[in-house]
Amino acid sequence: MKKRVPLRSMAMVPTGIMLTCFLWQVSAGAQDRSPAPSSNTNRLLVLQPDAPQAFFFRQTESAYQTGKYPTYESWSEPYGRLQGIMGKCLEEECLDREPRNALFFRRFKQQHPRQAVMLHFNGNARDPRYHTEPFFAGHWIYRQAVVITEDVPAENGVTDIAVQSVRDFRIETGRYKNRNDDIALFGMTADGKHDWNHCEQVQLVSVNAKEQTIRVRRGCYGTQPLAFKAGASRAAAHQTEGPWGRNNHLMWYYNYATHCPRDANGKTCTDHLVDDLARWFSSDGILADFDGIEFDVLFNNTHGDTDGDGNVDDGIIDGVNRYGIGVVQFAQQLRERMGDDFLMLADGALGPGGSRSQRAFGIFNGIESEGWPNLNDWEFDDWSGGLNRLLYWQENARAPAFSYVNHKWIQPVAGQPGVTRHPDVAPARHRLAMAAAVAADNAVCFSIRPANDPGGRPGIWDELRGGARGEAGWLGKPIEPMQRLVAQTPDLLSGAASMPADLAKIIQGDVSTQWIDGTLRITPNDPAATSTTFRIPGIPTSGPDLTVLATLSADPMPGYPKTMARLGSVGVTDGRVRSMMQDDIVTGMRLRNQTRDRSLDPATGAKFSPARVSIAEETFDAFSVHPPYKATKGATFWTVETDVEADQSLCFALGMGPLSPRRSDGVRFIIEATVLANGHRSVARTIFDETTNQHEWLHRSVPLDDFAGNRIQLKFLADCGINDNSTTDHASWANVRIQQSNMDSLPSQPAKRANTWVGTQPFTAGVYTSAIGSPEVDIEFRIEGGQAVFLHRISVHAHSDVLSRRFENGMIIANPSPRPMDFELPSDLVGWLRHIKGSPKQDPKTNSGRRTGPTVQLGPLDAVFLERVDTTSR
């Protein structure tokens with residue numbers, strides 16, 4: 001044990017923390033009263049049928065900037081021109097928002113009673129300096145714990161603590177690489193759990209890997225220094241996110257798990273969070289006049305230790321995601337406290353294809369789609385997945401349904417950790433994202449802002465206010481549902497299965513099918529199956545475009561609420577090829593001298609991300625990976641399950657970064673195969689092992705004859721090599737697929753897959769691909785869980801997934817194809833439509849005010865907003 005003389009500043013409380021404590025005391029003094037009186041949300045403009053519904057997003061929270069907005073009037077005037085505002089008015093994530101933001105937002109609501117005023121609130125984590133006094137140590141999530149190996153005295157200041165291993169403690173971490181870990185020190189109970197009643201919160205100062213010690217600042221976040229016994233105590237870093245802003249703090253993860261430890265009053269993390277929100281929104285609370293809340297980054301899953309045994313469980317106990325269930329229970333508990341006259345929304349596009357988003361269907365009123373289809377998808381690769389999310393929530397939200405698209409795309413700025421910028425894209429891309437939202441009954445706000453309006457007021461996209469018309473809701477009420485042009489084209493499936501019942505004869509996969517009352521029931525043959533996977537093979541194609549529409553439902557998974565829909569996907573592949581690069585893969589790490597694999601931890605330097613990777617003149621969809629290298633070594637891996645047929649091979653390409661030939665001693669690429677049958681797993685078998693440091697695509701093929709007729713798990717590892725040298729080990733697994741062994745090395749087209757939710761009620765999901773290059777394709781389905789899936793209807797069309805929708809005052813048309821198209825207007829609209837007259841600083845060429853003829857021309861990845869011509873000026 002080594003002791004340091006306390007630094008003088010340790011005894012001082014930073015001014016920001018003192019202010020936070022003061023504000024908490026003022027707020028906490030109020031009784032936990034009922035929510036504010038009914039605001040009659042149904043009167044809100046954003047809930048009326050007149051489209052487009054539009055509001056200002058977080059640019060409004062700049063109200064706290066007194067230099068920019070010296071008075072309420074100087075702030076409110078620019079933001080009163082749409083149908084509402086949303087922003088941060090608390091300091092759970094960002095400093096300086098209180099109290100001015102809440103006061104301005106409340107006054108805005110009183111001035112504009114029909115405009116929506118919404119709080120933007122982090123649903124995943126909280127700054128530990130912000131109103132955390134009622135919470136206790138078990139209400140947060142921690143990373144892997146390590147044993148304290150020397151006695152620790154109860155002392156103020158800075159202490160060096162000897163631990164079993166320092167590899168999981170991070171300095172210069174967080175979004176901007178400018179923060180150190182927050183750590184909890186625990187005693188241990190007789191059953192090996194953290195002793196929540198003997199816990200001290202500390203801040204990491206430094207790490208000494210040679211001595212296996214961590215230097216910490218004692219007695220932080222309202223705790224007092226305690227003594228800890230060697231071998232009977234542990235240290236665990238908090239699971240954190242952020243900070244969201246260079247001067248803000250790391251945020252501690254909420255423990256929503258159903259088994260979250262309870263404090264002395266029997267309360268869980270959820271109980272305290274609901275208490276906080278109910279108090280803030282109460283009739284005398286700081287947010288009394290608000291219409292609702294949007295929970296940013298509210299996930300269905302988590303990372304870390306949720307039950308306090310010191311081991312990472314990710315909230316999954318006995319195979320059940322008890323964290324995800326806990327999130328739904330939190331939503332239900334809050335709904336019961338707030339009532340139905342209060343809007344509750346949450347992120348709906350987290351993770352690949354929205355796969356990590358909360359699933360509080362029927363409880364929340366809708367979702368935020370932050371970036372549509374995704375934050376980095378201005379090529380609209382996930383057009384279908386994005387639509388599936390919007391449409392499913394519209395059908396399965398609590399009334400009144402209210403979802404919105406936050407028009408936002410970002411890309412990283414090289415050499416500046418945590419810094420992003422908006423990409424430069426053609427105006428057509430902006431229109432296409434907004435058109436999809438409006439067609440699917442979603443409101444729109446925008447983080448990508450057009451040029452300012454005259455007088456320096458924040459600009460508004462022409463499409464959202466009808467250009468020169470200058471009013472949200474300018475299209476009026478819809479007079480028809482969203483139309484998909486493919487529905488008017490021939491169904492290619494009719495040749496393969498002229499009657500729906502015929503599908504049962506041609507479906508392939510380790511499943512059983514049963515035709516029941518006009519619906520095909522599909523169940524896995526393996527009672528221990530964790531997913532239901534099947535395909536319809538040999539669908540003839542005609543041209544490069546193909547759209548599949550499939551109406552699905554499913555039994556709920558056991559142990560989960562019935563409303564928690566299952567994650568599914570619908571895919572289109574070359575009939576001879578099956579992609580392994582799926583959204584539902586599992587990632588992890590295999591560390592040296594560890595007996596079991598672990599979840600992927602970015603703090604170790606381990607990286608995994610889907611990407612388009614180019615080497616020389618070849619570009620592929622790839623998984624870019626890097627082995628762990630910070631304080632530990634080993635491999636980054638990903639796994640996928642698949643069925644193997646006769647005469648099939650696993651094909652893929654390996655690649656390394658441009659600096660690797662000079663600086664890296666190579667990455668060891670390893671593939672392991674495990675047979676899965678009747679709930680049992682065979683011993684993993686290595687089927688591929690090769691090391692390379694070359695910056696070129698190495699195309700490889702591995703015969704799978706030994707596994708024909710079996711379902712297997714494939715594990716793809718990228719290891720730093722036998723020398724444990726991980727320098728510039730930037731590696732890629734690309735174009736990974738299973739195909740017939742006698743095929744050419746590359747498939748004729750990339751696979752396309754779109755995620756969807758599959759619940760107990762039928763829902764029609766779509767998948768569109770624009771690059772068909774084979775005479776036949778397979779339609780693949782994958783739904784999590786081994787319970788029954790029901791296929792109600794399916795159709796396949798050789799056409800792009802063009803959308804249109806008519807309104808009282810106009811029409812929108814959206815073309816997701818990379819090729820231009822001509823759209824023939826309905827005969828009753830010919831001569832009655834014109835392009836909106838837009839701003840000269842946006843896209844005056846398209847939004848020119850010119851009349852349309854019988855046909856409207858759209859460019860690639862384009863959309864148009866058309867207004868109806870007044871009869872007197874026809």
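Couple of notes before you dig in:
- Complete set of residues in region 256-287 that are touching a strand residue (DSSP E or B) at 6+ places or on another chain (Cβ under 9 Å), polar (S, T, N, Q) and in the same structural domain as E93 (by TED's automatic domain parsing): T270, S282, S283
- Among the criteria (1) in contact (Cβ under 8 Å) with a residue 40 or more places away in the chain; (2) within 23 Å of I460 (Cα to Cα), the one S817 does not fulfil is (2).
- For region 288-323, the candidate set comprises residues that are touching a strand residue (DSSP E or B) at 6+ places or on another chain (Cβ under 9 Å) and aliphatic (A, V, I, L, M); within that set, the residue that is nearest to E370 (Cα to Cα) is V297.
- Test: residue in region 389-399 that is outside the structural domain of T551 (by TED's automatic domain parsing), free of Cβ contacts under 8 Å to residues at least 12 places away in the same chain and farther than 23 Å from S839 by Cβ: no
- Checking region 122-132 against the condition returns a match, with at least one residue being closer than 30 Å to R43 by Cβ and under 32 Å from the mean Cα position of the chain (by Cα).
- Test: residue in region 358-380 that is in the same structural domain as D340 (by TED's automatic domain parsing), under 28 Å from P423 (Cα atoms), in contact with a strand residue (DSSP E or B) (Cβ under 9 Å, 6 or more places away or on another chain) and basic (K, R): no
- Where S355 falls short, out of the listed (1) within 30 Å of W409 (Cα to Cα); (2) among the small types (G, A, S); (3) buried (at least 22 other Cβ atoms within 10 Å of the Cβ): (3)
- Filter result for P134 (touching a Phe, Trp or Tyr at 6+ places or on another chain (Cβ under 6 Å), over 23 Å from E368 (Cα atoms), in contact (Cβ under 8 Å) with a residue 60 or more places away in the chain and not basic (K, R)): no
- Checking each residue in region 103-113 for being touching a strand residue (DSSP E or B) at 6+ places or on another chain (Cβ under 9 Å) and touching a residue at least 60 places away in the same chain (Cβ under 8 Å) picks out F105, R106, K109.
- The residues of region 702-725 that are surrounded by fewer than 22 Cβ atoms within 10 Å (Cβ to Cβ) and farther than 15 Å from F688 by Cβ, listed by number, are A708, G709, N710, R711, G721, I722, N723, D724, N725.
- For region 155-178, the condition of being within 26 Å of G326 (Cβ to Cβ), in contact with a helix residue (DSSP H, G or I) (Cβ under 8 Å, 6 or more places away or on another chain) and modelled with pLDDT of 95 or more holds for none of the residues.
- Per this entry, F290 is counted among residues that are buried (at least 21 other Cβ atoms within 10 Å of the Cβ), over 25 Å from the mean Cα position of the chain (by Cα), under 18 Å from N365 (Cα atoms) and not polar (S, T, N, Q).
- Consider region 378-437 and keep the residues that are part of a helix (DSSP H, G or I) and among the aromatic types (F, W, Y). The one that is surrounded by the most Cβ atoms within 10 Å (Cβ to Cβ) is W383.
- Search result, residues across region 593-602 that are within 15 Å of V166 (Cβ to Cβ) and surrounded by fewer than 19 Cβ atoms within 10 Å (Cβ to Cβ): N593
- Residue in region 301-312 that is without any contact (Cβ under 8 Å) to a residue 60 or more places away in the chain and outside the structural domain of A235 (by TED's automatic domain parsing) present: yes
- Selected residue (criterion: farthest from A550 (Cα to Cα)) from residues of region 807-838 that are buried (at least 19 other Cβ atoms within 10 Å of the Cβ) and in contact with a Pro (Cβ under 7 Å, 6 or more places away or on another chain): G838
- Pairs, first among the polar types (S, T, N, Q) in region 65-85, second assigned to a helix (DSSP H, G or I), C-beta under 6 Å, six or more apart: S76/F108; Q83/L45; Q83/V46
- Among the residues of region 641-699, those that are of a type in the set (F, W, Y) and either closer than 16 Å to F623 by Cα or surrounded by fewer than 17 Cβ atoms within 10 Å (Cβ to Cβ) (or both) comprise F652, F669, W697.
- Taking every residue in region 532-550 that is closer than 11 Å to G571 by Cβ and pairing it with any residue that is surrounded by 21 or more Cβ atoms within 10 Å (Cβ to Cβ) and charged (D, E, K, R), at least 6 positions away or on another chain, the pairs with Cβ-Cβ distances below 6 Å are T533/R782; R535/E780.
- For T728, the stated conditions hold: it is over 29 Å from A550 (Cα atoms) and modelled with pLDDT under 95.
- Those residues of region 614-628 which are modelled with pLDDT under 90, within 25 Å of the chain's Cα centre (by Cα) and not aromatic (F, W, Y), in sequence order: D621
Rundown of residues vs (1) buried (at least 19 other Cβ atoms within 10 Å of the Cβ); (2) more than 30 Å from G605 (Cα to Cα), yes/no style:
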| position | (1), (2) |
| --- | --- |
| F108 | yes, yes |
| M118 | yes, yes |
| H131 | yes, yes |
| R143 | yes, no |
| A154 | no, yes |
| G157 | no, yes |
| F169 | yes, no |
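- Strands (runs of 3 or more DSSP E) contained entirely in region 71-177, each with at least 1 residues that are of a type in the set (F, W, Y), more than 30 Å from W474 (Cβ to Cβ) and outside the structural domain of L591 (by TED's automatic domain parsing): 116-122
The values are calculated or read from the model by the stated rules, or taken from the named source; none is laboratory data. Given the structure is predicted, the values throughout are model-derived calculations rather than measurements. For neighbour counting, all protein chains shown are included, and Cβ atoms are generated from backbone atoms with ideal geometry for every residue, glycine included.
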